[in-house]
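Accompanying notes for the structure given below.
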Amino acid sequence: MLVMRPWAVGALAGAFVLVGVGCGSDLPAAASNVAERFYQAIGARNGAAACALLAPQTFHEVEESAQAQCATAILDENIPAGGEVTELRQYGGQAQARMRDDTAFLAEFDDGWKVVAAACTPQGQLPYDCKLKG
Amino acid sequence: MTRVRRFVRSNSLGVVFGCLFLAALVGQAFAGLAEFNNHQVADGLATVTFGRYVTSADFAVDVAENWQSEYLQFLLYIVLTVWLVQRGSPESKKPGEQGRESDEKQKVGAYAGPDSPRWARTGGWRTRIYSSSLGAVMGAVFLACWLVQSVAGWSTFNEEQLKQLQDPQSWLGYVGSADFWNRSLQNWQSEFLAVGSMAVLSIYLRERGSPESKPVGSSHDSTGVEG
């Protein structure tokens with residue numbers, strides 16, 4: 001798995017150490033782990049487990065737009081199989097997890113990383129078009 | 001008088017500015033934390049602690065972009081006033097005195113006094129280095145702060161990109177971006193304005209007792225005279 005951290009440019013190590021860029025409270029692996037667990041839950045049709053990994057606003061949006069419980073509504077969102085995270089880009093409390101079949105965005109909360117958006121397709125210079133977002 | 005009081009009396013300018021700096025930096029940290037958390041709440045994201053904020057790229061870029069511009073300002077002022085003059089300004093040398101000046105006037109090498117710094121007395125490369133040490137250190141601090149600004153700004157910019165569900169940029173991409181140059185230039189223009197207006201206003205205006213001003217009764221034409 002390729003993990004791209006903001007401080008990965010070795011030549012600038014001094015400056016990077018000074019500002020502590022990218023040194024969140026959790027290791028980058030934590031965000032990719034959450035992303036993989038989310039897609040595993042979707043693949044296993046375990047809506048409750050998937051919803052437990054959603055950011056509060058995203059959770060609310062799923063229930064609001066479907067007028068149904070998140071655990072059932074999320075399984076109708078046509079979220080593709082994610083697979084293993086091949087690239088994680090984390091800056092501060094935000095992260096983007098790229099998998100073979102999908103791209104997800106995550107944010108760090110008090111109780112760990114949560115999925116903010118999933119089932120995202122790139123739109124060039126524009127923001128990703130995400131079926132699931134807060 | 002105690003040693004501490006004697007020290008403070010003899011170094012009051014440095015001590016007061018050191019305290020003002022720390023007070024302002026702490027104030028900036030609290031105000032910055034409040035602003036950051038306001039945005040986090042508005043975006044439906046988690047708020048951060050004081051400790052997390054002051055070690056974040058968001059705080060670092062705000063600090064570094066101001067530091068680099070201040071050091072650039074003084075670097076340019078120190079170096080450009082060797083070669084450029086402003087008639088009537090106490091900040092300027094007299095017209096005709098531009099340049100590095102003679103060893104005698106600069107008290108280096110054979111003209112050094114017994115109390116001159118050792119590297120001013122020895123001559124050769126040591127004296128050459130020491131003769132440019134102020135500008136060199138200011139320049140090095142400027143470049144270091146600008147580098148920190150670029151790295152911290154890059155991280156902050158990419159954090160915002162991810163919040164907007166957009167791809168992050170490379171460091172080189174960020175250094176060529178509008179955000180990096182907007183942050184740099186908005187600080188530089190204010191520093192250049194302040195230095196330029198100080199050089200010109202001090203031709204005509206006075207601050208009695210200040211070494212940055214001419215004596216109150218000095219003529220507007222007198223240059224390089226400090227009160």
So B:GLY173, is it open to solvent by less than 50 Å² (accessible area, probe 1.4 Å) and more than 14 Å from every other protein chain (Cβ to nearest Cβ): no
Which listed residue, of B:ALA194, B:ALA199, B:ALA140, is modelled with pLDDT under 95 and part of a helix (DSSP H, G or I): B:ALA199
If you take the residues of the range B:6-51 that are free of Cβ contacts under 8 Å to residues at least 24 places away in the same chain, in contact with a helix residue (DSSP H, G or I) (Cβ under 9 Å, 6 or more places away or on another chain) and of a type in the set (Gly, Ala, Ser), which of them is farthest from A:GLY112 (Cα to Cα)? B:GLY44
Among the residues in the range B:208-217, are any buried (at least 16 other Cβ atoms within 10 Å of the Cβ) and within 30 Å of A:GLN96 (Cα to Cα)? no
Given (1) under 10 Å from the mean Cα position of the chain (by Cα); (2) in a strand (DSSP E or B), where does A:THR121 come up short, assuming only one miss? (1)
Checking B:ALA140 against (1) within 13 Å of another protein chain (Cβ to nearest Cβ); (2) touching a Pro at 6+ places or on another chain (Cβ under 8 Å); (3) of a type outside the set (D, E, K, R); (4) without any contact (Cβ under 8 Å) to a residue 24 or more places away in the chain, only one condition comes out false. Which one? (2)
Going by the structure shown, is B:THR127 open to solvent by less than 50 Å² (accessible area, probe 1.4 Å), under 18 Å from B:GLU212 (Cα atoms) and not in a loop (DSSP other than H, G, I, E, B)? no
Go through the range A:55-98 and count every residue that is part of a loop (DSSP other than H, G, I, E, B) and either hydrophobic (A, V, I, L, M, F, W, C) or away from chain B (no Cβ under 13 Å) (or both). 12
Checking A:ASP111, A:ASP76 in turn, the sole residue that is more than 15 Å from the chain's Cα centre (by Cα), modelled with pLDDT under 95 and not polar (S, T, N, Q) turns out to be A:ASP76
Candidates B:VAL61, B:VAL82, B:VAL108, B:VAL54 - the one that is without any contact (Cβ under 8 Å) to a residue 24 or more places away in the chain and buried (at least 18 other Cβ atoms within 10 Å of the Cβ): B:VAL108
For B:ALA152, indicate whether it is touching a residue at least 24 places away in the same chain (Cβ under 8 Å), within 8 Å of another protein chain (Cβ to nearest Cβ) and either under 17 Å from B:ASP58 (Cα atoms) or surrounded by 15 or more Cβ atoms within 10 Å (Cβ to Cβ) (or both). yes
Could you list, in sequence order, the residues of the range B:60-89 that are in a helix (DSSP H, G or I) and of a type in the set (S, T, N, Q)? B:ASN66, B:GLN68, B:SER69, B:GLN73, B:THR81
When you check B:SER69 against the structure, is it among the hydroxyl-bearing types (Ser, Thr, Tyr) and within 14 Å of another protein chain (Cβ to nearest Cβ), yes or no? no
If I ask for residues that are of a type in the set (A, V, I, L, M, F, W, C), closer than 30 Å to B:ASN158 by Cβ and touching a Gly at 6+ places or on another chain (Cβ under 9 Å), which ones from the range B:176-227 would you list? B:PHE180
When the residues of the range A:100-118 are filtered to those that are without any contact (Cβ under 8 Å) to a residue 60 or more places away in the chain and touching a Phe, Trp or Tyr at 6+ places or on another chain (Cβ under 9 Å), which remaining residue is surrounded by the most Cβ atoms within 10 Å (Cβ to Cβ)? A:PHE105
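The values are calculated or read from the model by the stated rules, or taken from the named source; none is laboratory data. What you see is a predicted model; the values in this text were computed from it and never measured. Cβ atoms come from the backbone with ideal geometry, glycine included; neighbour counts cover every protein chain shown. The area values use the complete protein model at the heavy-atom level, side chains included, leaving out ligands, DNA and RNA. Shrake-Rupley method; radii C 1.70, N 1.55, O 1.52, S 1.80 Å.
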